[in-house]
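Visitor: Below: one structure in structure tokens.
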Amino acid sequence: MTTIPTFEQLNNAIIADLQAQYGVSISTTGKVFLRILAAVQAARLKLLYLVLANVQKNIAPDTAESESIGGTLERFGRIKLGRNPFPAQAAQYQIEIKGSIGAIIKSQVTFKSDDSSLSPGILYILDNPHTLTATTNYITVRALTAGIAGKQNFGDTLTVTSPIALVNSSASITSTIVQPLSAESIEEYRLEVLASYRKEPQGGAVTDYILWSQDVQGVSKIYPYAKSGFPNQVNLYVEANAVDSTDGKGTPSLLMLNEVASVVNNDPDTTVPVLERGRKPLTVIVNYLPVTIKTVDVEIPSFAGPTTTIVAGILNALKTSIAQIRPFIDGYDTLSEKNDVLDINKIISIIISQQPGAAFASPVLKINGVIVSTFQFTFGDIPYLNSVTYP
């Protein structure tokens, strides 16, 4: 990457060149024309350096910026992934509503989530008119707020914003039709683009399952393994982005697992001829499974002078480091980047890096409540930092 000199460095360099060229010493006082000329040229050169650095940054996807600020990252993505970053996805829910047979609920009627719901005050709209054929009917409504802000739980209640003749004003959510998903961040998108450039499709190898699953919004990582004792079966563990998961820890919803199954079987690009959209080898059986969350608890028996700031800093450092520990996928991941083991030494190293010179006793590490000195995460097991305590 080009090192951009400061204005002062450029100005001094130009003055030095002028003095060497003409064999003079340019005065530092008064209205000296050559110093004014040097300052003007330095400013112009500074702009050229900035433009050069921006061009250099955007010639490769690992450093390219978003098109929203004049970059080229999405262009790389469209070429290799065939898509832009996923936008936020609005939730759609099936709701139970009661009223008289023959009552009509017109399209564009809106419902508002009650204060007792998971996300209160969110509006949901009925896209198609509905006529009640029984006293209890089910209709599908769509959130007018995209993303997880419109997320609700089973049993949460909504109230119609305008009275409907012969129809109760209150309704309750019975199932999720479309899962609400957050927008894909530019850095998440960058990782997907880089993976698509680094890994080539191989017709059903480990790499393929990971690349195919990039077509599903909300998926964070995929961990494919051959099922032991079953030569034609694959266990495909799916990890969701924390915000799009069912528990905030990475567990995918059933809808997400079904979507992964769909894209593994067929390319979702409808512009491709049907006969060319098949992906999964015919003889392979794939088991679509959620990742298994392994809770991590760290106890620090003694710590000299833990302040609120120190405790918060250590907690954040441990969260960041542990969140990067994931199962190593042989045949896909780079060996030099392997990071699938959590042990006491790593915890000590994280604490010292966060608080150099700190005096503390050796930590106690628990995985799912069991004390261990080291633990390797494999076969869809992923860590989640549950607590850091100072007894």
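The values are calculated or read from the model by the stated rules, or taken from the named source; none is laboratory data. Please read all numbers here as calculations on a predicted model, not as lab measurements. In this analysis, Cβ positions are derived from the backbone assuming ideal geometry, glycine residues included, and neighbour counts consider all displayed protein chains.
Visitor: Which of the residues belonging to the range 234-250 are touching a residue at least 40 places away in the same chain (Cβ under 8 Å) and either touching an Asp or Glu at 6+ places or on another chain (Cβ under 6 Å) or in a loop (DSSP other than H, G, I, E, B) (or both)? Break it down stepwise before answering.
Guide: We begin by selecting, within the range 234-250, every residue touching a residue at least 40 places away in the same chain (Cβ under 8 Å); these are 234-239, 241, 243-244, 247, 249-250.
Those that are touching a residue at least 40 places away in the same chain (Cβ under 8 Å) and either touching an Asp or Glu at 6+ places or on another chain (Cβ under 6 Å) or in a loop (DSSP other than H, G, I, E, B) (or both): Asn241, Asp247, Lys249, Gly250.
Visitor: Right, next: Please note which strands (runs of 3 or more DSSP E) are completely contained in the range 344-387 and include at least 2 residues that are touching a His at 6+ places or on another chain (Cβ under 7 Å), under 26 Å from Ala240 (Cβ atoms) and at pLDDT 95 or above.
Guide: In the range 344-387, no matching strands (runs of 3 or more DSSP E) lie anywhere.
Visitor: Separate question: If we only count strands (runs of 3 or more DSSP E) wholly inside the range 259-343, which ones have 1 or more residues that are of a type in the set (S, T, N, Q)? Explain how you work it out, then say what you get.
Guide: Working: elements: 285-290, 292-299, 341-343.
Filter on the range 259-343 gives 285-290, 292-299.
Visitor: Under the condition of being closer than 30 Å to Leu194 by Cα and surrounded by fewer than 17 Cβ atoms within 10 Å (Cβ to Cβ), which residue from the range 355-382 is farthest from the chain's Cα centre (by Cα)? Give the steps one after another, and end with the answer.
Guide: So the first thing to find is which residues in the range 355-382 are closer than 30 Å to Leu194 by Cα, and the list is 375-382.
Retained after the next criterion (residues that are surrounded by fewer than 17 Cβ atoms within 10 Å (Cβ to Cβ)): 376, 378-379.
Details: Gln376: 24, Thr378: 21, Phe379: 21 Å.
It comes out as Gln376.
Visitor: Of all the residues that make up the range 14-36, how many are closer than 24 Å to Thr3 by Cα and either in contact (Cβ under 8 Å) with a residue 24 or more places away in the chain or touching a helix residue (DSSP H, G or I) at 6+ places or on another chain (Cβ under 8 Å) (or both)? First the steps, then the outcome.
Guide: Here is the first cut: in the range 14-36, the residues closer than 24 Å to Thr3 by Cα are 14-18.
Keeping just the survivors that are either in contact (Cβ under 8 Å) with a residue 24 or more places away in the chain or touching a helix residue (DSSP H, G or I) at 6+ places or on another chain (Cβ under 8 Å) (or both) gives 14-15, 18.
Of the residues in that region, 3 qualify.
Visitor: Just the residues that are of a type outside the set (Phe, Trp, Tyr), out of contact with any Phe, Trp or Tyr (no Cβ under 7 Å at 6 or more places or on another chain) and surrounded by 16 or more Cβ atoms within 10 Å (Cβ to Cβ), please, taken from the range 279-289. If you could, list the steps in order and put the result at the bottom.
Guide: From the range 279-289, those of a type outside the set (Phe, Trp, Tyr) are 279-287, 289; that's our starting set.
Then drop every residue that is not out of contact with any Phe, Trp or Tyr (no Cβ under 7 Å at 6 or more places or on another chain), which leaves 280-287.
Correct list: Lys280, Val286.
Visitor: Check the range 248-260 and report whether any residue there is acidic (Asp, Glu) and more than 22 Å from the chain's Cα centre (by Cα).
Guide: As a first pass, look at the range 248-260 and keep what is acidic (Asp, Glu): 259.
With the extra rule that they be more than 22 Å from the chain's Cα centre (by Cα), the set shrinks to none.
No: the range 248-260 contains no residue that is acidic (Asp, Glu) and more than 22 Å from the chain's Cα centre (by Cα).
Visitor: All but one of (1) surrounded by 12 or more Cβ atoms within 10 Å (Cβ to Cβ); (2) part of a loop (DSSP other than H, G, I, E, B) hold for Ile59, so report the exception by its number.
Guide: With respect to (1) surrounded by 12 or more Cβ atoms within 10 Å (Cβ to Cβ); (2) part of a loop (DSSP other than H, G, I, E, B), Ile59 is out only on (1).
Visitor: What about Ala312, is it more than 20 Å from the chain's Cα centre (by Cα), aliphatic (A, V, I, L, M) and loosely packed, with under 15 Cβ neighbours inside 10 Å?
Guide: Working: more than 20 Å from the chain's Cα centre (by Cα): yes; aliphatic (A, V, I, L, M): yes; loosely packed, with under 15 Cβ neighbours inside 10 Å: yes.
Considered against the rule, which asks whether it is more than 20 Å from the chain's Cα centre (by Cα), aliphatic (A, V, I, L, M) and loosely packed, with under 15 Cβ neighbours inside 10 Å, Ala312 comes out as yes.
Visitor: Suppose we keep only residues that are in contact (Cβ under 8 Å) with a residue 24 or more places away in the chain and either among the acidic types (Asp, Glu) or part of a loop (DSSP other than H, G, I, E, B) (or both) within the range 209-229. Which one would you say is farthest from Thr320 (Cα to Cα)? Before the answer, list the steps.
Guide: Quick first cut of the range 209-229, residues in contact (Cβ under 8 Å) with a residue 24 or more places away in the chain only: 209-210, 212-225, 227.
After this cut, where a residue has to be either among the acidic types (Asp, Glu) or part of a loop (DSSP other than H, G, I, E, B) (or both) as well, the list is 215-218, 227.
Working: Asp215: 26, Val216: 25, Gln217: 23, Gly218: 20, Lys227: 31 Å.
Restricting to residues being in contact (Cβ under 8 Å) with a residue 24 or more places away in the chain and either among the acidic types (Asp, Glu) or part of a loop (DSSP other than H, G, I, E, B) (or both), the top hit is Lys227.
Visitor: Among the residues of the range 162-200, write down those that are assigned to a loop (DSSP other than H, G, I, E, B), surrounded by fewer than 18 Cβ atoms within 10 Å (Cβ to Cβ) and under 28 Å from the mean Cα position of the chain (by Cα). Talk me through it step by step, then tell me what you get.
Guide: Residues of the range 162-200 assigned to a loop (DSSP other than H, G, I, E, B): 162-166, 179-180, 182-185, 199-200.
After this cut, where a residue has to be surrounded by fewer than 18 Cβ atoms within 10 Å (Cβ to Cβ) as well, the list is 162-166, 183, 185, 199-200.
Result: Ala183, Ser185, Lys199, Glu200.
Visitor: Looking only at the range 181-200, which residues are under 26 Å from Lys151 (Cα atoms) and out of contact with any strand residue (DSSP E or B) (no Cβ under 6 Å at 6 or more places or on another chain)?
Guide: First, pick out the residues of the range 181-200 that are under 26 Å from Lys151 (Cα atoms): 181-189, 192.
Listed by number, the residues that qualify are Ser182, Ala183, Glu184, Ser185, Ile186, Glu187, Glu188, Tyr189, Glu192.
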